[in-house]
Amino acid sequence: MEPPQQPSQSTNIPRRLQPYTSAFQRISARTGTPIPSLVVSFAILHEVTALVPLVGVYWGARTFGIGERMTKYFSETTSSSSNKEDKVEDAGNVMNVGMFQETLARWTKEGETRVARVGSRYGILGFEKGQKIGEEDLKALGQNISREVANATFAYIVVKV
């Protein structure tokens, strides 16, 4: 069995992909697998390892109502916390609580936006297909839809971390 054909040097490969190209060429030479097959396998594996946990965490959050409680906690904590410089000392480590809450609140907002965009694109999670989503629309959504968005947001945060 002869090794797979390597692309010629005259192939125009974008500069940002060159490190990956050489890595794929080395793996291809070592395993005897064609480069296109390696790239497709990597893409499929990458998507599966991203989507399966996302769906699993979403299902768990939906089953146990975690996303809704998480969103309620963040909205109460953010509105009641006026001092963003609160610090917690744990075994000599100082953690800025306000910065932690701001980061999680930012991820929550980012997750809500992404979930709303996906929901309106595919017509799922209570959104109509092609619906334009604004800040007022997110606030005006019904209780069931907000629960679904909160659960999907929670799943996004967990998979992202």
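The values are calculated or read from the model by the stated rules, or taken from the named source; none is laboratory data. Given the structure is predicted, the values throughout are model-derived calculations rather than measurements. Heads up, the Cβs are rebuilt from the backbone with ideal geometry, glycines too, and the neighbour counts pull from every protein chain shown. Surface areas here come from the heavy atoms of the whole protein model, side chains and all, with no ligands, DNA or RNA. Shrake-Rupley method; radii C 1.70, N 1.55, O 1.52, S 1.80 Å.
Just for the stretch 54-82: of the residues that are of a type in the set (D, E, K, R) and over 14 Å from residue 156 (Cβ atoms), which one is modelled with the highest pLDDT? Ranking the candidates gives 69 first. Cβ-Cβ contacts under 6 Å between residues 6 or more apart (or on different chains), taken from a first residue in the stretch 95-116 that is under 14 Å from residue 158 (Cβ atoms) to a second residue that is at pLDDT 75 or above and assigned to a helix (DSSP H, G or I), are listed as 107/157; 108/153; 111/153; 111/156; 111/157; 115/149; 115/152; 115/153. All of (1) outside any loop (DSSP other than H, G, I, E, B); (2) at pLDDT below 80; (3) loosely packed, with under 13 Cβ neighbours inside 10 Å hold for residue 85 with one exception: (1).
Mind counting the residues in the stretch 40-59 that are farther than 19 Å from residue 118 by Cβ and surrounded by 13 or more Cβ atoms within 10 Å (Cβ to Cβ)? Residues in the stretch 40-59 being farther than 19 Å from residue 118 by Cβ and surrounded by 13 or more Cβ atoms within 10 Å (Cβ to Cβ): 1 in total. If only residues of the stretch 97-130 that are outside any helix (DSSP H, G or I) and in contact with a helix residue (DSSP H, G or I) (Cβ under 9 Å, 6 or more places away or on another chain) are counted, the one that is least open to solvent (accessible area, probe 1.4 Å) is 127.
Kindly indicate whether any position in the stretch 25-33 is over 26 Å from residue 159 (Cα atoms), outside any helix (DSSP H, G or I) and at pLDDT 70 or above. The answer is yes; a qualifying residue exists.
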